[in-house]
Each structure stands twice: as structure tokens, then as C-alpha cells.
1. Could you check how many residues of the stretch 101-112 are open to solvent by 60 Å² or more (accessible area, probe 1.4 Å), more than 11 Å from LEU226 (Cα to Cα) and modelled with pLDDT of 90 or more?
2. What pairs come up if the first residue lies in the stretch 192-207 and is over 20 Å from SER159 (Cα atoms), the second is open to solvent by 50 Å² or more (accessible area, probe 1.4 Å) and not polar (S, T, N, Q), and their beta carbons are under 6 Å apart, counting only those six or more places apart or on different chains?
3. Could you please let me know if SER131 is at pLDDT 85 or above and assigned to a loop (DSSP other than H, G, I, E, B)?
4. Could you tell me whether any residue of the stretch 259-270 is modelled with pLDDT of 95 or more and in a loop (DSSP other than H, G, I, E, B)?
5. Which one of the conditions (1) closer than 22 Å to VAL147 by Cβ; (2) in a helix (DSSP H, G or I); (3) over 22 Å from the mean Cα position of the chain (by Cα) does LYS205 fail to meet, given that it meets all the rest?
6. Report, by residue number, each residue of the stretch 271-289 that is assigned to a loop (DSSP other than H, G, I, E, B) and at pLDDT 95 or above.
7. Which residue pairs have Cβ atoms under 9 Å apart, sit 6 or more places apart or on different chains, and have a first residue in the stretch 294-321 that is closer than 30 Å to LYS148 by Cβ and open to solvent by 10 Å² or more (accessible area, probe 1.4 Å) and a second that is of a type in the set (Phe, Trp, Tyr) and in a loop (DSSP other than H, G, I, E, B)?
8. Which of the residues belonging to the stretch 180-224 are among the charged types (D, E, K, R), open to solvent by 20 Å² or more (accessible area, probe 1.4 Å) and closer than 15 Å to ILE296 by Cβ?
Amino acid sequence: MKTLDKIPTGKIERASKLVKTGVKISGNYVKYYGKKLVNPEFTKDELNEDNAEDIYDGLKTLKGSALKVAQMLSMEKNMLPSAYVDKFSLSQFSVPPLSAPLVRKTFKKYLGKYPEEIYDSFEKNSINAASIGQVHKATKAGKTLAVKIQYPGVADSISSDLALVKPIALKMFNIKGKDSDKYFKEVENKLLEETDYLLELKQSKEITTSCSAIHGLEFPEYYEELSSERILTMDWMNGLHLSEFAKTNFSQELGDKLGQTLWDFYMFQIHFLRKVHADPHPGNFLVSNQNNLIAIDFGCMKSVPDEFYNPYFELAKKQVLNNDISFTEKLYELEILTPTDTAKEIIFFKTIFKEMLTIFTAPLNEKEFDFGADDFWNRIAALSERFTEDTEIRKMNGNRGSKHFLYMNRTFFGLFNLLHDLKAKVKINDYKKYLN
């Protein structure tokens, strides 16, 4: 794979790259409409393929938050055409890596020595490369290590990247008004946290200690003396990425076992630690040779404050969903309804949120749930398609809900997708055995 000797870090340089990508996309639409005139039956499949290719090619050299957006979108399997999901999923752990000279320069700057002076051996070619950093294999004192190196300039470009993306996001998600800033600030703060490898080191050790009793779960050990704010060293863990494992001919029993471990891991964090690993994409999980689940990469952790946690999980209960007074009260607590809403807006949003929550909270209201069954996902896809085409929704202000929804919903939707890939049947309350 071609390596990168330089990553655009200046605002003008990065904006220029995005503009060039926009020009290519415009050309794709011209080509599509030309073919559509000749053949009215011509579908958007080719357009989606071309756009996905050009967007990904533009973002992969920028890396950082721009590529992180693609990574997040790749998890929305029911919200995007498959061409985008397939292409953007490459951003999880397969993008052009930094060249060897740039890697050595990064080591010298942040650890004061070149890699060959620190480790007994260090592979100059990265094993995988993602949105914020890339991983190299190394050895020291008889241990095989994974060394994550952050791309230069990533932290410095986050604010300017989000400023460039903001107008597109406002239109895509129908967000209006000054309160939209709280959502972008939440994303910006989380992305900045992900670039702080010393924070990730601390969070990784905390999670490893807190969740060590969960059956079938493994973690790497982290090495503080071999880490810095831009370099993180941990044990090398052998196994298949979850996305690769999901393509194998695994048994239902094994899928259920891994799914149960994954579910217990997340529920334990949310309900006991009130903090959660909010980046549940396949690149952050491995399946070991012993068929255990390995969890890595704790750069994106989301704290869940009581004022959000309590009404959020109250709304998951059927008795609250079916009690209009309680249901309305929780919607106000979660900022889905606001004191300035008109009577029409109140009725409208109560109706659509009740329908959404009835579907999305279905797993939480069962003793056992089959995430491999198609019915649950067909209902989600149908709801998404209907809302996308609903002109009334476009007229309403989409700026709804607490800022905490962003990463909590992302966590649950990502978790549901991983469990679907495993075709797992999960015992919903099994995690409670770990609470004591």
C-alpha cells in the first residue's frame, strides 16, 4: 500500500482537498442524470459507488476527524446505501499509512528516541491504519507489543475540520438554531479526547480493572513507560477483527457466547460504571484463538450523568411508553420536547418518538433477544426510509434532545449492529450477575 510522507494540516490546505472532492461529486451527478435521460430505468447504484469512492479517497489522505466521520457513518448500516457502508468501513482499520521517516520523526518528538532505540525490534511498516492513528508491531523483553502512533496534526485540525463539515451536517440532519452548537461541541470534545493518548492509557487501565471479571473477555496490558500523548504501547493481541470473524462459518453457540460477552460488557459499563466505550465498531474488537472477545481502543469513553441516565432508561420501559403523562414528562427531561413547542409540535414529536422508542427499546423489554432475526432490522430500515421521505419532518426543527443522545445512541446502534453480525441470541439481564 502507498504510504504518506505528509498529511495536510493547514485549514486552507484541508478545505481545498474537500472542495476538490465536492467537484468530483458534482461531476458524478452530471454523469448520472445524463444516463438517466437516455434510460429512465437507470438506478442510483453507480452514482452511489462513484460518490462513495471519491468521498473516501478525499478523506483518507486528510485523516483525523474528517475520516472519523466516515468511520462513524460506516456503522449506520440501515441509514446509508451499501456502497457508502462498504467503502467507509475501510476507515475502521485500513487506510494509507505514514511513511517510515515520518514515523521515526514522531517517535523522536514525543519519546525523545527513535523506535529502534526503544524496542528490541520494531516493524517499520504498519499492521493497520485508521482515522486517527496507525499500529506497528514491536518486541521488548520477550513481549510482543502493539504500538499506536497518532498522525501529525490530527488534534490541531479537529476544530477547523468540524467547521467545514458543519454546514453539510446541519442540512443532512435538519438541525436549526443556535442550540445546534451543543451537539458540535460534544463531538469536538470527544474527538479531542481521542487524540490524548495519555488519557486513553488511563481509561484503558480503568476499564481493564473494572471489567476483568466478565466471562470470556480479554484486554491487553498497557505500558506507561513506553507511551506519551501521541504514542501508546500495549500487548499485541492475536485474533481476528470482529468484521472478519463474522464472515467465517462460526456456530450459533459461539455467536451466542461472543454476543453475550459483548452485551454484558456494555451493560456493565453503562449501568454500573456510568461510563461507556462509545466507539463500538468491529475494528475495536478481536476474537481470540480461544474464542474469547478481546476489547481494545478506549480513546472514546462517554460518561453518563444521572440526569440523563434515569429518564433515558425510564423511557425504555413499556409502562412508561404507554403512560402518556410519564412519557411526556421524560421527553421534557431529555430535551426532546421544549417549553417553546407549539401544540402541533408536541403531538408530532410525541408520536414519532413513541414509534421510534417502541422499536429501538424492544431488546430491553425481553428476557432473551435474537439480534440475528431479520424482523427487528426490517422494522428499523422501514422506519428510517419512511422518516427520510416524510416532508413534514423536514419542516420541523430536527434540533431535538440532550447532547448525551449523540454518543449513547451511537453506542447502542453500534452494539446492535455487532450483535447482528454475530447472529447472537442474548440474555438481556445476564450482566446483573457482575454488579456485586
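The values are calculated or read from the model by the stated rules, or taken from the named source; none is laboratory data. Since we're looking at a predicted model, the values are computed, not measured. Reconstructed Cβ throughout: ideal geometry from the backbone, glycine too, with neighbour counts over all protein chains shown. Just the protein is used for accessible areas: all its heavy atoms, side chains included, with ligands, DNA and RNA removed. Shrake-Rupley method; radii C 1.70, N 1.55, O 1.52, S 1.80 Å.
1. Residues flagged as open to solvent by 60 Å² or more (accessible area, probe 1.4 Å), more than 11 Å from LEU226 (Cα to Cα) and modelled with pLDDT of 90 or more within the stretch 101-112 amount to 4.
2. From the stretch 192-207, the pairs are LEU198/GLU229.
3. no
4. Within the stretch 259-270, not a single residue is modelled with pLDDT of 95 or more and in a loop (DSSP other than H, G, I, E, B).
5. Among (1) closer than 22 Å to VAL147 by Cβ; (2) in a helix (DSSP H, G or I); (3) over 22 Å from the mean Cα position of the chain (by Cα), the lone unmet condition for LYS205 is (3).
6. Once the filter is applied, which keeps residues that are assigned to a loop (DSSP other than H, G, I, E, B) and at pLDDT 95 or above, the stretch 271-289 yields ARG274, SER288.
7. ILE296/PHE219
8. Listed by number, the residues that qualify are LYS205, GLU206, GLU218, GLU221.
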